[in-house]
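A.B. asks: My questions all concern the structure below.
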Amino acid sequence: MQSQKLQITIGKKIKELRLHKGWTQEQASEKLYICRNTYSDIELGKTDICLSRLVQLANFYNVQTPRPLGF
């Protein structure tokens, strides 16, 4: 249950960052070379996000990952 809350929190933040850039999910997923459905699932908190993907997204949006993954 705690894992699901974290996934949703991360997804909301990723969506916020994407919207701040003015991009659609399609545009962001193309720039990241991932499927739009995968990107959508990340934003919706429907998928477990691995550490490498989290780092990829943080670098892409030029933000830091949370301190030892604590918010």
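The values are calculated or read from the model by the stated rules, or taken from the named source; none is laboratory data. Note that the structure is predicted; figures quoted are calculated from it, not measured. Cβ placement follows ideal geometry from the backbone for every residue including glycine, while neighbour counts extend to all protein chains displayed.
A.B. asks: Where the second residue is outside any helix (DSSP H, G or I) and the first is exposed (fewer than 15 other Cβ atoms within 10 Å of the Cβ) and lies in region 45-62, which pairs have Cβ atoms under 7 Å and are six or more apart or on separate chains?
C.D. replies: Between residues of region 45-62 that are exposed (fewer than 15 other Cβ atoms within 10 Å of the Cβ) and residues that are outside any helix (DSSP H, G or I), the close pairs are VAL55/THR65.
A.B. asks: Going by what's in this entry, would ASN37 be described as at pLDDT 95 or above, of a type in the set (S, T, N, Q) and surrounded by 11 or more Cβ atoms within 10 Å (Cβ to Cβ)?
C.D. replies: yes
A.B. asks: In region 25-42, what count of residues is obtained for those that are of a type in the set (Ser, Thr, Tyr), within 13 Å of PHE60 (Cβ to Cβ) and in a helix (DSSP H, G or I)?
C.D. replies: Counting residues in region 25-42 that are of a type in the set (Ser, Thr, Tyr), within 13 Å of PHE60 (Cβ to Cβ) and in a helix (DSSP H, G or I) gives 2.
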